[in-house]
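Only one structure is covered here, and it is reproduced in the block below.
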Amino acid sequence: MRYSAFSLLKQGLAGNRGWGQAWRKPEPKPAYDVVIVGGGHGLATAYYLAKQYGITNVAVLEKSYLGSGNIGRNTTIIRSNYLLPANTAFYERSMKLWEGLAQELNFNTMVSQRGILNVFHSDPQRNAYARRGNAMRLAGVDAELLTRDQVRDYLPFADFDNARFPIRGALMQRRGGTVRHDAVVWGYARAADALGVDIIENCEVTGFRIEQGSIKGVETTRGYIGASKVGLAVAGSTSRVAALAGLRLPIEAHVIQAFVTEGIKPLIDQVVTFGAGHFYVSQSDKGGLVFGGDVDGYNSYAQRGNLPVVEDVAEGGLALFPNLARLRVLRSWAGLLDMSMDGSPIFDRTDIAGLYLNCGWCYGGFKATPASGEAFAHLIAKDEPSDLIRPFRLDRYRQGAVLDEKGMGAQTNLH
């Protein structure tokens, strides 16, 4: 069923009893042309494989229910305000796909391009943000450097005269914003299913069948599934799943926490980031402030965080917005980040023929979903990376061609 104003009116008059299932719940077939592990970027990959390359004999395997992984455990921010050319081009492609995604999928993904403000607090930081903004504009991406007074027009309640972190201005990308993460999952699942893709939930991969250096299929909790090609798009679990195939990757798993407050009246219209610490915040349609900060400093596969990071995030938020001090936090959640050594993603074939990698997303996983799916589909279908993701190959570490976006060095917790 195609969603439209007419179908909504028709079903409303009929008591909403005619809506069909959004996607099927099939049993796994004995074999597929392509098996994709992971129900986030993997769903997008399956959709573009079917839509752009006509490869429909595809299965997406999700360990739990759809949306239980990182695709549903984030702060919903989208942006393309990167510095390095490879990252700028990739995330700008993703931004352009976000802008037409609701029409593409025939599903309201709730894309809200409310703008993102990266606040800065010193003259050297202004120079760094000006450099980033200039690089963005040279690449055709929108960017504006705002003065202190211009920022005050957007955030009159912020602490502009903080003794330690006075607000000097901000870098703004008006096309940045937020997207409803659950709607992205449902939209891609529904669209992929309509093209013939099988979505297999509650299906954990427990091993790989490899013969003479080529992938033959995957062992799962729902039995063996044969496949000519297998794509791994499992975010923070990449190192564990890849280890089942005997691969050791230059990534580490870290926990990142997110929080939402009680609902309040409209206060923050944009996405705002704190330049003197790691804090970012936006306001949801329900009125709650959705915010987050730094990763937990130790390696973990647990989807829960610790108290020191909670305190650090709260301190950063109150340094920027003291008026939030009395708000109550309703709940928190955590996702698993696959932190690469240079802070940029990894797309590549592995030494095992037919096995492909999509990992190393650090903080950029959710906002990359459309472009990641499109690019990974190209890699799997054509057996070679597109020009967009060629700089993200795994062998860049061997060649010294790292993509250190922050210039912080090869230390995962800094990225």
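The values are calculated or read from the model by the stated rules, or taken from the named source; none is laboratory data. Here the structure is a predicted model, which is why all the values come from computation and not from measurement. Backbone-built Cβ (ideal geometry, glycine too); neighbour counts: all protein chains shown. Heavy atoms of the whole protein, side chains included, go into the accessibility calculation; ligands, DNA and RNA do not. Shrake-Rupley method; radii C 1.70, N 1.55, O 1.52, S 1.80 Å.
Data table
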read-out: Selection within segment 32-46 - open to solvent by 10 Å² or more (accessible area, probe 1.4 Å) and over 18 Å from PHE208 (Cα atoms); value: GLY40, HIS41
read-out: Residue count for segment 85-97, restricted to those that are among the hydrophobic types (A, V, I, L, M, F, W, C) and crowded, with 21+ Cβ neighbours inside 10 Å; value: 2
read-out: Residues (in contact (Cβ under 8 Å) with a residue 40 or more places away in the chain and open to solvent by 50 Å² or more (accessible area, probe 1.4 Å)) located in segment 286-301; value: GLY297, TYR298, ASN299, TYR301
read-out: Filtered residues of segment 59-70 (kept if out of contact with any Phe, Trp or Tyr (no Cβ under 6 Å at 6 or more places or on another chain), open to solvent by less than 20 Å² (accessible area, probe 1.4 Å) and not in a loop (DSSP other than H, G, I, E, B)); value: VAL60, LEU61
read-out: Leading residue by the ranking (farthest from the chain's Cα centre (by Cα)) among those in segment 123-137 that are free of Cβ contacts under 8 Å to residues at least 60 places away in the same chain and more than 21 Å from ILE78 (Cβ to Cβ); value: ASP123
read-out: Test: residue in segment 18-35 that is hydroxyl-bearing (Ser, Thr, Tyr) and either out of contact with any helix residue (DSSP H, G or I) (no Cβ under 6 Å at 6 or more places or on another chain) or in a loop (DSSP other than H, G, I, E, B) (or both); value: yes
read-out: Residue count, segment 302-312 (criterion: over 20 Å from the mean Cα position of the chain (by Cα) and surrounded by 15 or more Cβ atoms within 10 Å (Cβ to Cβ)); value: 4
read-out: Hits in segment 103-121 - residues which are open to solvent by 30 Å² or more (accessible area, probe 1.4 Å) and either in a helix (DSSP H, G or I) or in contact with an Asp or Glu (Cβ under 9 Å, 6 or more places away or on another chain) (or both); value: GLN103, GLU104, MET110, VAL111, SER112, GLN113, ARG114
read-out: Pairs where the first residue, in segment 207-224, is of a type in the set (Gly, Ala, Ser) and the second is part of a loop (DSSP other than H, G, I, E, B) and open to solvent by less than 80 Å² (accessible area, probe 1.4 Å), C-beta under 8 Å, 6+ apart; value: GLY207/LEU244; GLY213/ILE352; SER214/ILE352; SER214/GLY354; GLY223/PRO28
read-out: ARG152 within 30 Å of ARG222 (Cβ to Cβ) and either assigned to a strand (DSSP E or B) or open to solvent by 10 Å² or more (accessible area, probe 1.4 Å) (or both); value: no
read-out: In segment 395-414, the residues that are open to solvent by 10 Å² or more (accessible area, probe 1.4 Å) and either of a type outside the set (A, V, I, L, M, F, W, C) or at pLDDT 95 or above (or both); value: ASP395, TYR397, ARG398, GLN399, GLY400, ASP404, GLU405, LYS406, GLY407, GLY409, GLN411, ASN413
read-out: Residue that is farthest from PHE259 (Cα to Cα) [pool: residues in segment 327-377 that are among the basic types (Lys, Arg) and at pLDDT 95 or above]; value: ARG349
read-out: Close pairs from segment 328-346: first assigned to a loop (DSSP other than H, G, I, E, B), partner among the charged types (D, E, K, R), Cβ under 7 Å, at least 6 apart; value: ARG328/GLU262; ASP342/ASP404; GLY343/ASP404; GLY343/GLU405; GLY343/LYS406; SER344/GLU405
read-out: Top-ranked residue in segment 351-393 [being charged (D, E, K, R) and closer than 16 Å to GLY231 by Cα; ranked as least open to solvent (accessible area, probe 1.4 Å)]; value: GLU374
read-out: Test: residue in segment 192-202 that is of a type in the set (S, T, N, Q) and in a helix (DSSP H, G or I); value: no
read-out: Of all residues making up segment 302-327, the number that are part of a helix (DSSP H, G or I), closer than 19 Å to ALA253 by Cα and either in contact with a Leu (Cβ under 8 Å, 6 or more places away or on another chain) or touching a residue at least 24 places away in the same chain (Cβ under 8 Å) (or both); value: 2
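Listed here are the residues, each with its yes/no results for (1) under 19 Å from the mean Cα position of the chain (by Cα); (2) among the polar types (S, T, N, Q).
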residue	(1), (2)
ASN299	no, yes
PRO322	no, no
ALA334	yes, no
ASP348	yes, no
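Let's see how each residue does on (1) under 28 Å from LYS51 (Cα atoms); (2) polar (S, T, N, Q); (3) assigned to a loop (DSSP other than H, G, I, E, B); (4) open to solvent by 30 Å² or more (accessible area, probe 1.4 Å):
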| site | (1), (2), (3), (4) |
| --- | --- |
| ARG132 | no, no, no, yes |
| LEU145 | no, no, no, yes |
| PRO156 | no, no, yes, yes |
| TYR188 | yes, no, no, no |
